[in-house]
Amino acid sequence: MSCAFSLLESCHLPCSRYLSTTFRFSRGWYQMQRPIKHKTLCLCRNVQTFACELAKASYVPTPQTKPKDQSLAKVETIGAFQKLPMVMPSVDIFQSASRKAKRVLPTKGIANVAKRERNRGAKQLDALMKELAVPLRGYIENFPKRIYLHPYERSLIELTFGAGNYEEVLKKVDALRKKVVSVGKEHAPLCAKSLSKKEAEERLTEGLEKLQEIFKCEGQAIDDLLYIAKTLRAMPVVDLEMPTLCLVGAPNVGKSSLVRLLSTGKPEVCNYPFTTRGILMGHITLDYQHFQVTDTPGLLKRCDEDRNNLEKLTLAVLSHLPTAILYVHDLSGQCGMSPSDQFMIYKEISERFGNHLWLDVISKCDLLKESPVVFITEDREVDHLELVKYRKIGPEGALHVSVKNEDGIDKLKKKVHELLMAQMERIKSKRIQDNIEVA
């Protein structure tokens, strides 16, 4: 002890406070007989320290705060859906937990039958509670919160499952976990306090039945979470660093046929609207370079408040992903939407997303006639010059192609390659600008 005090007194760093009467060093505790006022603060190896502040003449530990920008970095990447944990069906979770709990044996060395039985019952109930609660806690912790997801992934969750349903299912799973823990902590002590072997067995059976009833009544939340995980993992992954071509247009204008022709994607092709029921992904390889192609649901002529979730999914892709746009028009009248309605949609989307790289394509050109198609529902008296021109040849500079006859396909592939290369340069420039801003 004298050695310790000599060490304290040998250092000369300024300090005006009394040292505590008890010191803890790496090899034990040392008591001081009297408080000693030192003008020094000792430097000693293996002494633990922490930050503190002086508040009302007492030392209060300073809480460690996380930087505010830590959560914001998580929002800039895509791929959280592929990292979701594997969710087991509720029935499998309970059966697996029950088998493991039944294998729990009483503590060795207990000779009294009643004591041994209540020990076994309490341990089995505690084991069952943990085997049920631990997986549920893992789901709650490993399913990402929406605020940490990329805006595109947030939109996918909302449009696929409805507003708030994702969070509601996670809340139900967490509520189930809390009930399981509560029932386990309630019945395990009761079983441990049993006065006889028969009472211990009854308490054990009662606790097991109670846990089984809870899981049977509220286990649907786990099955709902299983469905959510399967659906999200099946969604196509978009690489933000790879140039992406997004095909947009009205329903049934031939977008899916062009995706099949241009890429490895194999979307369903049928002669009815809204064949594409989600975002479909394909890939293009040109000159040993890889690009992405997305097929999107068709857009109708209406305001955003009246759009269905499929249309909103298309708008989410254009809003949150750095894509080049290949806009497809059908002036043949075969898609079921008049050219004037397509023109109105085209004007809205081109004004809304005019900052994207753009390429216009007139599909089904083999079906075009010399006179433009005019639907009986259209009012030709209100036509203006731009709409009349659109009915005849489409937007200025648009390519005319036919998947059936392969007319204009080679020129389309060349233009698509040029468009994707320009998109790649945009991505590189943005990456360099972001690095400069971070530096």
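If you go through the range 123-143 and keep only what is under 20 Å from Ala221 (Cα atoms) and in contact with a Leu (Cβ under 8 Å, 6 or more places away or on another chain), you end up with Leu128, Met129, Leu132, Leu136, Tyr139, Ile140, Asn142, Phe143. Just one of (1) part of a helix (DSSP H, G or I); (2) open to solvent by 60 Å² or more (accessible area, probe 1.4 Å); (3) within 22 Å of Ile147 (Cα to Cα) fails for Glu186. It is (3). When the range 294-348 is filtered for residues that are touching a Lys or Arg at 6+ places or on another chain (Cβ under 6 Å) and small (Gly, Ala, Ser), only Ser332 remains. Of the candidates Leu170, Leu225, Leu208, Leu204, the single residue that is within 21 Å of the chain's Cα centre (by Cα), closer than 19 Å to Phe94 by Cα and either open to solvent by 60 Å² or more (accessible area, probe 1.4 Å) or in contact (Cβ under 8 Å) with a residue 60 or more places away in the chain (or both) is Leu225.
The number of residues in the range 285-316 being surrounded by 21 or more Cβ atoms within 10 Å (Cβ to Cβ) and closer than 21 Å to Val416 by Cα comes to 9.
Would you mind stating whether His150 is open to solvent by less than 40 Å² (accessible area, probe 1.4 Å) and under 30 Å from Glu131 (Cα atoms)? No. For the range 127-140, state whether one or more residues are open to solvent by 70 Å² or more (accessible area, probe 1.4 Å) and outside any helix (DSSP H, G or I). Looking for residues that are open to solvent by 70 Å² or more (accessible area, probe 1.4 Å) and outside any helix (DSSP H, G or I), one finds none in the range 127-140, hence no.
The values are calculated or read from the model by the stated rules, or taken from the named source; none is laboratory data. As the structure is a computational prediction, the values presented were derived from the model and not from experiment. Reconstructed Cβ throughout: ideal geometry from the backbone, glycine too, with neighbour counts over all protein chains shown. All accessible areas refer to the heavy atoms of the entire protein, side chains included, with ligands and DNA or RNA removed. Shrake-Rupley method; radii C 1.70, N 1.55, O 1.52, S 1.80 Å.
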